[in-house]
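The next block holds one structure in the form of structure tokens; read it before the comments.
Rule-based calculations on the coordinates, nothing more; no lab input. Note that the coordinates shown come from a computational prediction; the quantities given were computed from them, not determined experimentally. Backbone-built Cβ (ideal geometry, glycine too); neighbour counts: all protein chains shown.
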Amino acid sequence: MSGGRKSPKRRTSSGSKLRKTGSGIMTFFGLKKKDDDGESNSNRERNEKKNVKKKKGKTTRRRQSAQTENEKEKEKDKEKDKEEEDVTKSEEDPKEPPHTNCNRIIVPKEVRTPPPERTTAATEHIGEIKKLYEEGQAVMDFEQIKTAAKEFALNAAKLMPKGAVDEYQAELRKYAVPGFSTKAFTKNISKNRYRDVPCCDNERVVLQDTCCGDYIHANHIRGPPLNSNQHFICTQGPTAYTVSDFWRMVKQENVQQIIMLCETVEAKKTKCLQYWPLFDEEVMKLTDAAITVTNKGRYIHEPGTITTVLQVKDTKKDQSYHMFHHQWKLWPDRGVPDTADVLLRLLQLARACPSDMSVVIHCSAGIGRTGTIMAAEMGIQCFLQNKTPNVLEIVKTLREKRAQAVQTYLQYAFVFKILLCWLEKTNPDAETSKAIQDFLGTFQTIVCYIKHGVDERTVLLDPTINSVMDPMK
């Protein structure tokens, strides 16, 4: 035979076609198939890359959808929070005040914590405040007010905190003064912190320098049962719209002291603007009101209680004077504090105000905490005149000038506590002292239960809570 052996022709059969087709199907589904030329490895790598891309794509889409769902849930939660908020809460202070020539406080960018005490040019003023604050007790002897003190204490012991709560619910919860007028409040919506906390026209502070209007959400509190020399002003916490008006009022009404019963932010919600210079020698300029306010030092009496000496200057007349800003941070909104001692000291400071000057008291809305301390001072003045305070009538009288003053039934009961704590400092006789302790002990029990998470209504409806008890037992 000549020549080499001829190689046999490759037979193509239906079986091989099926094998090829099967290989394609297996490759499509990413299944393994070994071939001599190693093509299966490259196919497998390509398939694996495709699968990885697909998985990444699916994971990305899942993450995006999850993020979208989370965002939707957050938005729903925000909407729920807004709905659950009390209707008295309005929007936060607007970004820009309506008066563009009003320079608001510029707080330094870096966070600085002022030291507890400062040596400044106003040391003599701080010393004066420190002395008055430390005195902070009743200056009357029990014998001089014996009749009124004993009668009030015995009545309070009969009423007890629960009786005070019932009295508030029955007589004051919906009480409004007949013929109540709020025309100025309605015309100046942008200057009201809360839409449903009206400012009555009766005894409202009318600003005389009308460069920015004559309205501010503030009311004069004077006349019986207050001393004839006393002049208080109850107002809301200043906003970005009203900070200039606030200092115009301070200058106009010759304010010597400001008592602030809230923080600027509580529970992550704006309650009051930082309307005074916070740091030593920091200056705040209000160009439209022609006023500058300078921090001249501060004194921390105890945790949460700070007095700042401020210099207020009328830049038009080039006249200035010193005033005092007292802030107490430990009174919860719509609640009651643990002690009445700080309030008694603050009221002692207010009582030292000269007769030709006035005292401003404010919290956030200017009705709850503000109304409570104002009602207490009116009651103390009754004692000083040897008259038995009628807390119900005092609050009604106060509401004739400051609408909705004393906001909750616990605050109403707390007015009794403040007055009884004041009496306790006058060295009362044994009978009066026992009556005082009966009321104070029960009140403290109720507050303890509420602080430990027991619902207020459950506590107040419990007939067994009539004496001092430990809620943790």
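For region 349-398, the normalised intensity computed at q = 0.30, 0.32 Å⁻¹ comes to -1.13, -1.15 (log10 of I(q)/I(0), Debye sum over alpha carbons, equal scatterers, no solvent).
Database remark: amide H of residue 297 closer than 5 angstrom to the amide H of 281, 309 (H placed geometrically; neighbours at sequence offset of 5 or more, or on other chains; Pro and chain starts carry no H). All other residues with a Cβ under 12 Å from the Cβ of residue 379 taken together, and with Lys, Arg as +1 and Asp, Glu as -1, what is their net charge? Value of the local net charge: 0.
Among 446, 306, which comes first, then next, by fewest other beta-carbon atoms within 10 Å?
Ascending number of Cβ neighbours within 10 Å: 306, 446.
Sorted on the mean count of surrounding Cβ atoms within 10 Å across their residues, most packed first, peptides 368-374, 251-257, 349-355, 323-329 read 368-374, 323-329, 251-257, 349-355. Size of region 193-340: Rg and Dmax of its alpha carbons, in Å, are 15.7, 45.
All other residues whose Cβ lies under 13 angstrom from that of residue 259 are scored, Lys and Arg at +1 and Asp and Glu at -1, for a net of +3.
For the pair region 300-368 / region 237-258, the C-alpha centres are spaced 13 Å from each other.
For region 308-405, state the average projected area of the convex hull of the C-alpha atoms over all orientations, rounded to one decimal in nm². Its average projected convex-hull area is 8.0 nm².
Cross-link list 191/316; 396/425; 251/313; 146/396: which exceed 19 angstrom alpha carbon to alpha carbon? Long pairs (Cα-Cα over 19 Å): 191/316; 396/425; 146/396.
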